[in-house]
Amino acid sequence: MSDLLTSPIGQRRSLAMRPRAAELPQRTDITVVGAGLIGLSIAWRLAQAGRTVTVVERGSVGSGASLAATGMLAPAAEHEPGSDLLLPLALESLRRWPGFRDALQAASGKEIDYRDDGTLVIAIGRDEVERLRFRHDLQRRSGVAAEWLSGPEVRAREPLLRPNVTAGILCPLDAQVDPRLVMEALLGACEAAGVVIVEGVAVEGLERQGGRVTGLRAAGRMLAADAVILAAGAWSGEAGLLPDDLALPVRPLKGQSLALRTTKRTGTLSRMVWTDAVHMAPKGDGHLIVGATVEDCGFNSGVTAGGLFALLEGARRVLPGIEEMEIDAVWSGFRPTSDDDAPIIEEAVPGLVVATGHHRNGYLLAPATADAVATLVAEGALPDFARGFGRARFAAPNKVSATENVGRAVA
């Protein structure tokens, strides 16, 4: 009887595997703070390069944003005014995704449901069409692949959409993955490479000697390391984690999402579909993910009636078939968001590398971020494609420009 009463509220599509239990060692070459997508991607790359790596996670693997995400790799659909700095990095990371996918699947023996069938951004009514035209013009000026579609052309590609869909943009190079499968694959790849993952241990502070970070304190113990990588997502900007002189402009932006169970009777979409209100992403396990609200409310993790109503109404407005789909899971998570919605990737001080603030583009930017940090650790400088994403860009414009902010050496 209890199984029948289990509620999907607050549940995510959880991992089918867990990391091996591990204790905090006394020393490691590299310590990564945060066992989310970015942290594990970096840890895996560094372990592949022959470093000993320990990942320290305050909660459980993926419990921040990584298992709450939709898994969009959509630089074209995401491109909007003010994101010109981010677009080249986003396109570079999308270019790296097939290689990242192949290496990850080979290392873990797990498929990640990578789909490169594009994103369809749609409009209903005159106002939405005008906004969509503005988006399309911006995409064309920026050189992003995007095709304008009439209402009938949209419905020819997605017949289950309502007839009131009046226009759309097809972004053919966008892709998606299944976050649950990516995180399982990263777990397997990390453990195969010898990465130690310690869950349920909050970092209490950094150890510094002579201006250099030499490790961290956690669980009342010292963990010495040649370098510390801060990839703690929305918690990266928390007071107490870093000293005041290294404070990061990163805050949580809550998002609520849900997973619907599709059947042969209900049908499903063939690709990601975006509207003004929601995005919908079909997954290989039969789920249709509907997300996501944007709430600036701190670390308030509750699932709300208003949030769920907005998601369901936004989806029903264009996809009537959701009325017959069962709700399998409903959850919330916290996007790690910087003041300009772009990531922070740099060596903040000798021995401390920051890789956080990816906002809603964590999955898209994971390959480029992992490769950039691995290069920074190995060679002492960021590769060209990742320069300009340090904290200096938040300073007064007449002091330091974004393009002047480059990584410094990590011994």
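Here are some notes:
- Pair list, Cβ < 9 Å and 6+ apart or interchain, from the stretch 359-375 residues that are at pLDDT below 95 and open to solvent by 10 Å² or more (accessible area, probe 1.4 Å) to residues that are part of a loop (DSSP other than H, G, I, E, B) and not polar (S, T, N, Q): Arg360/Ala65; Arg360/Ala69; Arg360/Ala292; Arg360/Val294; Arg360/Asp341
- Beta carbons closer than 8 Å, at least 6 apart along the sequence or on distinct chains, pair a first residue in the stretch 102-127 that is more than 20 Å from Gln139 (Cα to Cα) with a second that is aliphatic (A, V, I, L, M) and open to solvent by 50 Å² or more (accessible area, probe 1.4 Å) for Ala107/Ala192; Ser108/Ala192.
- Candidates Leu216, Leu170, filtered to the one that is more than 26 Å from Ala259 (Cβ to Cβ) and either open to solvent by less than 10 Å² (accessible area, probe 1.4 Å) or part of a strand (DSSP E or B) (or both): Leu216
- Set Ala76, Ala107, Ala103: member being within 26 Å of the chain's Cα centre (by Cα), open to solvent by less than 70 Å² (accessible area, probe 1.4 Å) and under 22 Å from Val278 (Cβ atoms): Ala76
- Evaluating Asp137 against the criteria (1) outside any helix (DSSP H, G or I); (2) under 30 Å from Thr166 (Cβ atoms); (3) open to solvent by 40 Å² or more (accessible area, probe 1.4 Å) leaves one unmet condition, (1).
- Matching residues in the stretch 306-315 - criterion: being among the aliphatic types (A, V, I, L, M) and either closer than 20 Å to Met272 by Cβ or open to solvent by 60 Å² or more (accessible area, probe 1.4 Å) (or both): Ala310, Leu311, Leu312, Ala315
- Complete set of residues in the stretch 267-284 that are without any contact (Cβ under 8 Å) to a residue 60 or more places away in the chain and open to solvent by 20 Å² or more (accessible area, probe 1.4 Å): Ala277
- One residue alone among Val290, Val330, Val250 is in contact with a Leu (Cβ under 8 Å, 6 or more places away or on another chain), of a type in the set (Val, Ile, Thr) and touching a residue at least 40 places away in the same chain (Cβ under 8 Å), and that residue is Val330.
- Odd one out for Leu230 among (1) under 23 Å from Gly380 (Cβ atoms); (2) open to solvent by 60 Å² or more (accessible area, probe 1.4 Å); (3) touching a Leu at 6+ places or on another chain (Cβ under 8 Å): (2)
- Among the conditions (1) part of a loop (DSSP other than H, G, I, E, B); (2) modelled with pLDDT of 95 or more, Glu346 misses just one, which is (1).
- Residue satisfying condition, being in a loop (DSSP other than H, G, I, E, B), over 19 Å from Pro75 (Cα atoms) and either modelled with pLDDT under 95 or open to solvent by less than 10 Å² (accessible area, probe 1.4 Å) (or both), within set Val318, Val354: Val318
- Test: residue in the stretch 188-196 that is assigned to a loop (DSSP other than H, G, I, E, B), open to solvent by less than 20 Å² (accessible area, probe 1.4 Å) and within 21 Å of Arg58 (Cβ to Cβ): yes
- Helices (runs of 4 or more DSSP H) contained entirely in the stretch 33-112, each with at least 1 residues that are farther than 30 Å from Arg133 by Cβ: 37-48, 86-108
- Residue that is surrounded by the fewest Cβ atoms within 10 Å (Cβ to Cβ), among those in the stretch 233-265 that are in a helix (DSSP H, G or I) and of a type in the set (A, V, I, L, M, F, W, C): Leu246
Conditions tested, residue by residue: (1) out of contact with any Phe, Trp or Tyr (no Cβ under 9 Å at 6 or more places or on another chain); (2) among the small types (Gly, Ala, Ser); (3) under 16 Å from Ala342 (Cα atoms).
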| site | (1), (2), (3) |
| --- | --- |
| Gly62 | yes, yes, no |
| His79 | yes, no, yes |
| Asp84 | yes, no, yes |
| Ala90 | yes, yes, yes |
| Arg95 | yes, no, no |
| Asp102 | yes, no, no |
| Ile112 | yes, no, no |
| Asp117 | yes, no, no |
| Leu120 | no, no, no |
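- Residue check: Gly298 meets all listed conditions (1) in contact with a Lys or Arg (Cβ under 7 Å, 6 or more places away or on another chain); (2) part of a loop (DSSP other than H, G, I, E, B); (3) of a type outside the set (S, T, N, Q) but one, namely (1).
- Hey, Val144 touching a Leu at 6+ places or on another chain (Cβ under 9 Å), surrounded by 17 or more Cβ atoms within 10 Å (Cβ to Cβ), touching a residue at least 40 places away in the same chain (Cβ under 8 Å) and not in a strand (DSSP E or B) or not: yes
The values are calculated or read from the model by the stated rules, or taken from the named source; none is laboratory data. Just so it is clear, the structure is predicted and the values come from calculations on it, not from any experiment. Neighbour counts run over all protein chains shown; Cβ positions are idealised from the backbone, glycine included. Side chains included, ligands, DNA and RNA excluded: accessible areas come from the protein's heavy atoms. Shrake-Rupley method; radii C 1.70, N 1.55, O 1.52, S 1.80 Å.
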